[in-house]
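The values are calculated or read from the model by the stated rules, or taken from the named source; none is laboratory data. Bear in mind that the values here come from a model prediction, so they are computed numbers and not experimental data. No Cβ is skipped: glycine too gets one built from the backbone with ideal geometry, and neighbour counts run over all protein chains shown.
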Amino acid sequence: MKHQSKELGIENAKVGIMGFSAGGHLSCMSATRWLEGDNESKDPIEQLSSRPDFAFLIYPVISFMAHGHRNSKVNLLRESVSEEVGKRYSGEFNVTQETPPIFMVHANDDVVKVENSFVFYQAMKKMSLPVELHIVSRGDHGFSNGKGWGIPADETVRFTRSGGQWPIWTLNFLLEEKLVPNSSDWVWLQRQKEIKAAL
């Protein structure tokens with residue numbers, strides 16, 4: 001996208017990454033272990049940095065240490081790995097001053113332990129980096145699967161009181177961190193009005 005930003009009409013835009021569950025781990029790694037561009041490369045894409053301008057981590061797998069998700073660890077690495085390898089692929093150990101702003105949301109009853117988001121939030125906060133974490137009481141795993149959109153009003157109300165408002169929170173985060181223009185035309189602002197009316 002960065003390479004084709006002019007053609008896409010986003011030449012001066014911020015380009016971020018969003019991931020859910022195991023995709024949250026991939027997004028976390030992209031935000032913490034990105035590569036500098038290689039000016040000497042013949043490939044114009046490789047000349048650009050792979051650092052995203054921000055990352056949204058939604059009920060993410062972050063750590064392969066004490067609070068890690070076993071199945072994710074086995075799938076990516078294997079059953080037993082050294083502590084060094086475990087830390088290399090655990091986001092909380094890879095935060096630097098160059099890590100971009102991070103938004104996270106997690107549910108208390110998620111099978112991917114909410115501590116995954118806690119440890120990453122703490123690592124970001126320790127370095128005084130922009131980070132926002134929302135913990136919802138219920139939602140299980142996968143509460144972003146479209147619930148609350150185009151379903152009966154009573155179900156929408158039930159859902160939006162839990163994890164269903166996270167898209168609005170992401171917009172607020174982008175605005176607060178000045179990652180997007182402050183515009184009243186955003187579709188999420190309209191959706192926020194609809195949700196407030198339903199509540």
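None of Ile17, Ile10 is among the aliphatic types (A, V, I, L, M), closer than 21 Å to Leu179 by Cβ and touching a strand residue (DSSP E or B) at 6+ places or on another chain (Cβ under 6 Å) except Ile17. Flag: Ile45 matches the condition of being more than 14 Å from the chain's Cα centre (by Cα) and either exposed (fewer than 15 other Cβ atoms within 10 Å of the Cβ) or part of a loop (DSSP other than H, G, I, E, B) (or both). Within the stretch 5-22, the set of residues being of a type outside the set (A, V, I, L, M, F, W, C), in contact (Cβ under 8 Å) with a residue 24 or more places away in the chain and outside any loop (DSSP other than H, G, I, E, B) comprises just one member, Gly19.
For the stretch 63-75, name all the residues that are of a type in the set (D, E, K, R) and surrounded by 14 or more Cβ atoms within 10 Å (Cβ to Cβ). Across the stretch 63-75, the qualifying residue is only Lys73. Search the stretch 76-107 for residues being within 20 Å of Glu176 (Cα to Cα) and among the aliphatic types (A, V, I, L, M), and hand back the single one that is surrounded by the fewest Cβ atoms within 10 Å (Cβ to Cβ). Among residues in the stretch 76-107 that are within 20 Å of Glu176 (Cα to Cα) and among the aliphatic types (A, V, I, L, M), the one surrounded by the fewest Cβ atoms within 10 Å (Cβ to Cβ) is Val105. When the stretch 3-16 is filtered for residues that are surrounded by fewer than 20 Cβ atoms within 10 Å (Cβ to Cβ) and either under 22 Å from the mean Cα position of the chain (by Cα) or of a type outside the set (D, E, K, R) (or both), the ones remaining, listed by number, are His3, Gln4, Ser5, Leu8, Gly9, Ile10, Asn12, Ala13, Lys14, Val15. Of everything in the stretch 48-62, what is in a loop (DSSP other than H, G, I, E, B) and either of a type outside the set (S, T, N, Q) or surrounded by 20 or more Cβ atoms within 10 Å (Cβ to Cβ) (or both)? Give them in sequence order. Within the stretch 48-62, Leu48, Arg51, Pro52, Asp53, Phe54, Tyr59, Pro60, Val61, Ile62 qualify. Kindly indicate whether any position in the stretch 65-84 is at pLDDT below 95 and closer than 26 Å to Gln165 by Cβ. There is at least one residue in the stretch 65-84 that is at pLDDT below 95 and closer than 26 Å to Gln165 by Cβ. Please work out if Leu35 is modelled with pLDDT under 85 and surrounded by fewer than 21 Cβ atoms within 10 Å (Cβ to Cβ). Answer is yes for this residue.
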